[in-house]
Amino acid sequence: MNAPAPITTIVAVGAGRMGRGIALAYALRGHAVTLLDFKQRNPADSARLEADIQQELRATLEQLAQLGLFPDHETPDHLARVSVARLEQAPHVLASADLVYEGVPETLDAKRDALGRISRHVRPQTLIASTTSTMLASDLAPMVSHPERFLNAHWLNPAFLIPLVEISAHPGTSQETLERLRANLESIGKVPVVCGCHPGFIVPRLQTLIMNEAARMVDEGVASAADIDKATRYGLGFRFASIGVLEFIDYGGNDILYHAGNYLARNLDPHRYAVPEIIARHMESGRNGLRSGQGFHDYPAEQQQAYRRDVLARVLGMLRHVGLAPSGADHTAKETQE
């Protein structure tokens, strides 16, 4: 069997925030990207858009250089890797693309128009990924010819900095398509995760609940907006930057969450804080995480001390990074690799 063709030519359809962010993500890793404007504009409007894009990208790159991401003198090279193409150039630009990201507005009509036109101009083996944050890949796949090469790739803003990209395939997506996109994303330093064809992917489902609850707490007078944000940045954010959510359930104990959930359900809201069935099942079976050896993950007895040290190393690594490590913890130490 022939190896899949390498991905070298990348096009981002839609010249808005997401398209620009994806273009920068690739440019910062040395790859040329074409931003393809899919709106019909007169020449003067197109020229203004192109100037606006160049100005915004330059300003962003200059800020990143000032923050130490790369030396100042590299800014022109990164900027030169992003080109802008107009709608009338679409047939030529798309014909040579290996990977196309669709990033037009979040309406079915806009998606249908864009994906249909992309399909007409690209080669059969070209990967097509929608950056939608709301629509299922299974709903969009019928709009694409050769749907086996189509899936969703949900980037998080700012796309050029946030490592995570959520990949969501539909039942007809080929395994080759999935692996090619995952490998390409990893090659530019991204951390792809694969989720099923369900509403909300992973991060939006989690963060929507958190944001709604934070807003409720302000409304109820639980704490000020400033203190809730501080608690998020220096507590919740630190915690879950170092340890995964399900991993944290295991680390603290499934039974702790079970009892805490029931307490909040009784005292705040029986629906918002209802204990999920899987937590109740784990409670009944004694699958309480690290101390029992099994939870959402497995923890063999002979590996538990090494695992505990690894968790501490991850947290200390985050603290050192922002200059908040406890006194005496800032000496050089070799941290456990994940």
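The values are calculated or read from the model by the stated rules, or taken from the named source; none is laboratory data. Model, not experiment: these values are computed from the prediction. Backbone-built Cβ (ideal geometry, glycine too); neighbour counts: all protein chains shown. Each accessible area value is taken on the protein alone, full model and side chains, heavy atoms only, with ligands, DNA and RNA left out. Shrake-Rupley method; radii C 1.70, N 1.55, O 1.52, S 1.80 Å.
So, in the stretch 108-135, of the ones that are within 18 Å of SER174 (Cβ to Cβ) and out of contact with any strand residue (DSSP E or B) (no Cβ under 7 Å at 6 or more places or on another chain), which residue ends up most open to solvent (accessible area, probe 1.4 Å)? Among those residues, the one meeting the criterion is GLN125.
Apart from one condition, PHE238 fits all of (1) in a helix (DSSP H, G or I); (2) at pLDDT 95 or above; (3) crowded, with 16+ Cβ neighbours inside 10 Å; the exception is (2). Applying the criterion of at least 1 residues that are at pLDDT below 95, in contact with a Gly (Cβ under 7 Å, 6 or more places away or on another chain) and open to solvent by 70 Å² or more (accessible area, probe 1.4 Å) to the helices (runs of 4 or more DSSP H) found wholly in the stretch 243-338 leaves an empty list. Annotation: of all residues in the stretch 200-235 being touching a strand residue (DSSP E or B) at 6+ places or on another chain (Cβ under 9 Å) and within 30 Å of ARG308 (Cβ to Cβ), the one that is most open to solvent (accessible area, probe 1.4 Å) is ILE202. Tell me whether the stretch 25-40 contains one or more residues that are loosely packed, with under 14 Cβ neighbours inside 10 Å and part of a helix (DSSP H, G or I). Taking every residue of the stretch 25-40 in turn, none turns out to be loosely packed, with under 14 Cβ neighbours inside 10 Å and part of a helix (DSSP H, G or I). Taking every residue in the stretch 207-222 that is within 20 Å of ALA241 (Cα to Cα) and pairing it with any residue that is part of a helix (DSSP H, G or I) and modelled with pLDDT of 95 or more, at least 6 positions away or on another chain, the pairs with Cβ-Cβ distances below 6 Å are ALA214/ILE228.
Mind checking whether some residue in the stretch 85-94 is open to solvent by 50 Å² or more (accessible area, probe 1.4 Å), at pLDDT 95 or above and either farther than 26 Å from ARG48 by Cα or touching a helix residue (DSSP H, G or I) at 6+ places or on another chain (Cβ under 8 Å) (or both)? So far as the stretch 85-94 goes, yes, one or more of its residues are open to solvent by 50 Å² or more (accessible area, probe 1.4 Å), at pLDDT 95 or above and either farther than 26 Å from ARG48 by Cα or touching a helix residue (DSSP H, G or I) at 6+ places or on another chain (Cβ under 8 Å) (or both).
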